[in-house]
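Below: one structure, written as structure tokens.
Every read-out reported here was derived from the displayed coordinates using simple, explicitly stated rules and does not represent laboratory data. Keep in mind it's a predicted model, so treat the numbers as computed, not measured. Positions of Cβ are backbone-derived with ideal geometry, glycine not excepted, and every protein chain shown enters the neighbour counts.
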Ligand code: AMP
């Protein structure tokens with residue numbers, strides 16, 4: 001049975017949705033003012049895998065994601081570029097969706113823009129004012145954190161600690177507590193604005209999410225996801241808003257947070273200027289390589305990005321490709337056989353246990369590679385039948401419904417000309433005879449013809465030299 005680490009209880013819990021097999025999943029979407037980077041991709045690939053895995057387990061998942069299409073960063077960037085804020089945010093929303101499509105992140109059922117939910121935002125602010133959880137000052141309407149006794153239950157911060165927090169907390173003169181956050185911001189002269197009972201303005205950062213989730217899911221739902229940087233103040237603020245409006249708790253049954261994609265240990269981010277956009281990554285590498293890279297680490301742990309690691313991952317993916325190629329080219333008449341039933345059982349058990357343990361994808365992928373190593377040695381001895389090959393391929397296809405890096409977007413291997421294959425055999429013979437000079441000469445000849453040999457434990461691998 002699936003166990004998930006719940007950031008709210010800080011422990012692993014058995015996953016049971018609120019109602020039967022229905023799972024309402026909400027993940028914080030991007031603020032669209034620039035191209036998305038591979039740090040964003042990490043979070044969205046993880047939740048795409050999670051949604052697809054839950055679907056395969058028979059859950060009816062409704063995956064909702066917001067798009068922050070109005071906020072300070074968007075207004076600032078639009079001013080800098082001399083463009084209308086809406087043109088800028090629509091442009092980067094389109095680019096974001098293109099990137100997600102390229103990465104096969106396609107499990108989101110509904111993308112909801114903040115600006116399409118102003119009515120819902122106003123309704124929430126009205127209710128918070130009425131219940132005395134909010135107050136108005138000169139520049140907007142604020143949430144009073146001292147009124148909510150559960151403040152800090154997600155992030156572990158107290159009201160006093162929120163006073164010290166300096167990051168991403170709205171600055172304003174006249175706030176009752178330093179940690180109070182903005183619900184409705186009055187707009188300055190040249191800023192985008194919407195009409196409200198309190199004057200022209202726009203939503204604060206946190207309120208769009210609860211306005212959107214209340215509309216589609218109601219005040220309580222199953223899973224809320226996002227990167228761990230959002231735990232405080234963003235997700236803490238969401239809990240304050242929704243639970244004080246509805247009086248029902250918990251707003252969310254399971255809180256899941258992804259670890260950061262880092263560069264030399266530091267979070268990849270726009271502000272640190274250490275980012276690689278998804279677009280740039282895909283100019284050099286395939287989308288499946290990014291999925292493989294991301295899913296090879298547990299979703300809660302940090303992953304450090306470097307070209308070196310990506311190259312190693314590329315080699316591993318090629319090993320997987322070779323394996324599939326070999327399984328697919330088995331002939332029906334191969335007769336020699338060794339039973340693989342117990343191996344398959346063992347691998348499937350390991351795989352499933354890993355996935356059910358808080359989506360331990362590195363362990364699950366480890367089980368797949370264990371299968372590759374064991375079956376490769378059978379293949380080398382010609383001891384695998386066509387039907388056994390089919391069985392393994394079936395398992396891999398099932399797994400790839402949520403991984404999307406095994407078959408999806410895989411290029412068919414280029415056929416190696418017979419002439420090259422013969423030369424490789426001659427080189428193998430020379431190597432066996434320890435005639436290194438001849439072996440090297442043959443390697444050079446092969447290279448001149450546009451192919452390279454890689455000596456692996458399972459024998460030589462030939463591939464065309466990439467231009
Ligand atoms: P933002 O547009 O900055 O609000 O980010 C959108 C989503 O991407 C949020 O869930 C962030 O937590 C996540 N995110 C941003 N940077 C990274 C990173 N370096 N690693 C993992 N997730 C990230």
Rough spin-label spacing in nm, given labels placed 7 Å along Cα→Cβ, for residue 307 and residue 86 | 4.4
Would you mind checking the tilt of helix 236-246 against the longest principal axis of the Cα atoms of the chain, expressed as 0 to 90 degrees and rounded to 10?
-> 60
FRET efficiency, 1/(1 + (r/R0)^6) with R0 22 Å, evaluated for residue 332 and residue 377 via beta carbons | 0.50
Tell me, what is the percent relative contact order of the chain, built from C-alpha pairs under 8 Å that lie six or more residues apart?
-> 16
Rounded to the nearest 500, what is the 222 nm mean residue ellipticity of the chain from helices alone, with -39500 (n - 2.57) per DSSP H run of 4+ residues and division by all residues?
-> -14500 deg cm²/dmol
The FRET efficiency for residue 137 and residue 401, from their Cβ-Cβ distance with R0 = 60 Å and rounded to 0.05, is 0.70
Provide 298, 235 in ascending order of the number of other Cβ atoms located within 10 Å of each residue's Cβ, fewest first.
-> 298, 235
Residue order, fewest to most surrounding Cβ atoms within 10 angstrom, among 49, 1 | 1, 49
Cα gyration tensor shape for the chain, rounded if a/c is under 1.5, else prolate or oblate | prolate
Stretchable slack from residue 411 to residue 14, in nm (0.36 nm times residue separation minus alpha-carbon distance) = 139.0 nm
Would you mind checking the tilt of helix 386-403 against the longest principal axis of the Cα atoms of the chain, expressed as 0 to 90 degrees and rounded to 10?
-> 20
Which shape class applies to segment 418-464: rounded if a/c is under 1.5, otherwise prolate when a/b exceeds b/c and oblate if not, where a ≥ b ≥ c are the square roots of the Cα gyration tensor eigenvalues?
-> oblate
So for 255, 200, fewest C-beta neighbours within 10 Å to most, what's the order?
-> 200, 255
Please list 83-93, 438-448 highest first by mean number of surrounding beta-carbon atoms within 10 Å per residue.
-> 83-93, 438-448
With label points built 7 Å along Cα→Cβ from the Cα atoms of residue 60 and residue 448, find their separation and express it in nm.
-> 6.8
Percent RCO, i.e. relative contact order, over segment 147-299, from Cα pairs under 8 Å lying at least 6 residues apart | 18
Nearest-ten-degree value, helix 38-56 long axis tilted from longest Cα axis of the chain | 80
For segment 280-403, what relative contact order do you get, as a whole percent, if you take Cα pairs closer than 8 Å and at least 6 residues apart?
-> 34
Honestly segment 203-327 on the Cα gyration tensor test (a ≥ b ≥ c root eigenvalues; a/c under 1.5 rounded, otherwise a/b vs b/c for prolate or oblate) is just prolate
Efficiency of FRET from Cβ geometry, residue 111 and residue 1, R₀ 30 Å, rounded to 0.05 | 0.45
Using packing as a proxy for protection, rank 349-356, 262-269 so that the peptide with the highest average count of other Cβ atoms within 10 Å comes first.
-> 349-356, 262-269
